[in-house]
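Undergrad: After the structure tokens below, expect a handful of questions from me.
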Amino acid sequence: MTWRPQYRSSKYRHVFGKPATKENCYDGVPITRSVHDNHLCTVNPRFIAVITECAGGGAFLVLSINHTGKVDPHHPKVSGHRGNVLDIKWNPFNDFCIASCSEDTTVKIWDIPEHGVLKNITVSQKELQGHSRRVGLIEWHPTADNIIFSTGYDYQVMVWKLDVPEQVIKNPVRSISVHSDVVLSMSFNTDGSRLATSCKDKKIRVIDPRTGTLLQETDCKSHKASKVLFLGNLKMLLSTGNSRWNHRQIALWDQEDLSQPSYSEDLDGSSGVLFPFYDPDTHMLYIAGKGDGNIRYYEISPEKPYVHYLTEYRSLLPQKGMGEYSISQNIKSYQEDIYPMTAGNKPSMTADEWIGGLDKGPVMMSLRPGSKLDSYVELGSGKDPTDSMETQHSRSRPGLSLLIQERLDAKEGNARKVSPATSLLPSTDEKSSSTTYVRNGQLDSTHCSPPKTENELRQMFYKQQEEIRRLKEQLNQKDVRIKQLELEIKNVRNSQANL
């Protein structure tokens, strides 16, 4: 029998949650009484938006992150919907753009002034009309600019392209009809090439978002899924829901095989919906339940047993809504292995490129103050890759924002500091027609026919960028595993020395 050490090394063993002080909270926010199981709030580095109770239509508040305290009961609202607002989401590439959907069957895109909402906003930048029943969920594409998905009680998932001259858009790019009931959640993988959904029929589906093709579907009786989430580049899905005996449960799935979960765990017998949040950079999973007073932390690994419990944050007040956010914070100390590069706030492609069949991972950036964005470079522009980098100061580790009764509490995260990376272009030898490419982690300088058109060169460049990104991710995972094994070996030697 092989002895295995019980102690498992983890960089995040001592992570803890800290509630904000009263002066850093929002008091008197008229949070909606809607029973719709959504986050009810959304946050970016500048603003927090909260769906509010409103007579005669739907509305939401937009509050500055830096102006906390008592909220004026007559604070201006964004109030252009004719029915209750059910979901709101900030544009990941524009801190002054927010989308909302409503019981009035529309999706609206709003421009928020730089200094916040100083008077009621009733006219939207865009209005999307296509659903026949109320719209319950919206989700921005993670890497393509001006692409947003919506789903409603007509069981349709619609794909919208926003960079068009019309103010009212009536025809979506595509309507996906693979669901037999209401969609409860949507989640994209890292490059947006796959869309996972959970449905009221308790099934999880993986869909090609561009074509609408159904790729995978669960048929598992032991887990009734409520929310689903892609776990970064791990090629796994995490779902929350209920077991056969109505215990709240989390389950892990292989995205290529949804026949049975790879891992499942019963949590408790409460009835509130569990909302999962995942940080792909640190591989940390947060589970927060609606109506609960605690948030559980887990670490996800690519090897069995996959899910490792860390600790939990406890509060005496129940949570009503949750949302991820980023903050800007001065860095006092950092560790490069704990704070790797993260997805930035720049799109990696246009809407037309994505519709045309292109998939690209996110543009990566360092969170060190004054660091630069690792950006894709448009070929043929004659620019050096470093010329397109932009200084970033306003992004950091994701955290959670909690709506608790009539107060918004914010948990603070830590900023990260790493060295910036530089975009790489294929290097061509001027004396010959050979080009150096990255293949399977090695440089390949074989003589092959060079690309004949600018489009072929661009496609080749994008493929190399994706290969470089994948290799970096593999190296990071191997470094983490090496350190874990070194610590386990040290523990074994120490235990043997004590015998």
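The values are calculated or read from the model by the stated rules, or taken from the named source; none is laboratory data. Model, not experiment: these values are computed from the prediction. All Cβ positions, even for glycine, are placed from backbone atoms using ideal geometry, and neighbour counts span all protein chains on display. For the accessible areas, the whole protein counts, side chains as well, though only heavy atoms, and no ligand, DNA or RNA atoms are used. Shrake-Rupley method; radii C 1.70, N 1.55, O 1.52, S 1.80 Å.
Undergrad: Any chance you could run the full-extension gain for Glu217 through Val492? It's 0.36 nm times the residue separation minus the Cα-Cα distance, nm to one decimal.
TA: 94.7 nm
Undergrad: Could you give the accessible area per residue of region 160-216, probe 1.4 Å, as a whole number in Å²?
TA: Roughly 42 Å² per residue, with all protein chains present.
Undergrad: Quote the FRET efficiency, to the nearest 0.05, computed for Leu316 versus Lys200 with a Förster distance R0 of 41 Å and r equal to the Cβ-Cβ distance. Let's see the in-between values first.
TA: On the way: r = 33 Å, r/R0 = 0.80.
FRET efficiency, Leu316 to Lys200: 0.80.
Undergrad: Take the Cα atoms of region 186-274, build their convex hull, and give its volume per residue in Å³.
TA: Enclosed volume per residue, from the Cα hull, is 84 Å³.
Undergrad: Using 7 Å Cα-to-Cβ label points, what is the Glu454/Asp111 separation (nm, one decimal)?
TA: Modelled inter-label distance: 3.0 nm.
Undergrad: log₁₀ I(q)/I(0) of region 13-166 at q = 0.13, 0.20 Å⁻¹, via Debye over equal Cα point scatterers, no solvent, to two decimals?
TA: -0.60, -1.31
Undergrad: Would you list which lysines come within 24 Å of Lys22, measuring only between C-alpha atoms, while excluding same-chain residues fewer than 8 positions from it?
TA: Lys70, Lys77, Lys290, Lys320, Lys411
Undergrad: Let me ask another. Using the alpha-carbon centroid of each, what span in Å lies between region 67-134 and region 195-243?
TA: If you average the Cα positions of each part, the centres end up 29 Å apart.
Undergrad: Follow-up question, since we're still on this one. Using square roots of five times the C-alpha gyration tensor eigenvalues, list the equivalent-ellipsoid semi-axes of region 226-265 in whole Å, biggest first.
TA: Ellipsoid half-lengths, sorted descending, are 19, 10, 7 Å.
Undergrad: Any chance you could get the radius of gyration and Dmax over the Cα atoms of region 101-186, in Å?
TA: Just the Cα atoms of region 101-186 yield Rg and Dmax of 13.5, 44 Å.
Undergrad: In units of 2.2 N^0.38 Å, what is the alpha-carbon radius of gyration of region 233-304?
TA: On the way: Rg = 12.3 Å, N = 72, 2.2 N^0.38 = 11.2 Å.
Expressed relative to 2.2 N^0.38 Å, the Cα Rg reads 1.10.
Undergrad: Extending each Cα 7 Å along its Cβ direction at Ser10 and Gln477, get the distance between those two points in nm, one decimal.
TA: 1.9
Undergrad: Got a number for carbon plus sulfur as a percent of region 69-167's accessible area, 1.4 Å probe?
TA: Here carbon and sulfur together make up 48 percent of the probe-accessible area.
Undergrad: Work out the length of the dipole vector of region 156-307 about its Cα centre, built from +1 on the beta-carbon of each Lys and Arg and -1 on the beta-carbon of each Asp and Glu, and round it to the nearest 20 debye.
TA: 520
Undergrad: Using the crude model of +1 on Lys and Arg Cβ and -1 on Asp and Glu Cβ, and no other charge, please compute the dipole size for region 211-262 relative to its Cα centre, in debye to 20.
TA: 340
Undergrad: How many nm separate the modelled label positions at Arg33 and Val164, each set 7 Å beyond the Cα in the direction of the Cβ?
TA: 3.9
Undergrad: Sticking with this one: If R₀ is 56 angstrom, what is the calculated FRET efficiency for the pair Arg244 and Leu118, using the beta carbon separation as r and rounding to 0.05?
TA: Using R0 = 56 Å, I get an efficiency of 0.60.
Undergrad: Okay, moving on. Semi-axes of region 1-84's equivalent ellipsoid from the Cα gyration tensor, sqrt of 5 times each eigenvalue, largest first, rounded to whole Å? Mind dumping the intermediate values first?
TA: Numbers: eigenvalues 317, 66, 22 Å².
Gyration-tensor ellipsoid for region 1-84: 40, 18, 11 Å.
Undergrad: Now for a separate question. Let me spell out the model: positive unit charges on the Cβ of Lys and Arg, negative unit charges on the Cβ of Asp and Glu, origin at the Cα centre of region 61-155. What dipole size does that give, in debye rounded to 20?
TA: Around 260 debye, computed over region 61-155.
Undergrad: Would you please state which residues of region 228-259 a label at Asn294 would reach in this model, taking the label point 7 Å out along Cα→Cβ and a backbone N cut-off of under 19 Å?
TA: Within reach of a label on Asn294, which here means backbone N under 19 Å from a point 7 Å along Cα→Cβ, region 228-259 contributes 240-243, 246-251.
Undergrad: Another question, then. Once you have the alpha carbon radius of gyration of region 65-111, what is it after dividing by 2.2 N^0.38 Å, with N set to its residue count?
TA: Against the compact-globule rule of thumb, the ratio is 1.32.
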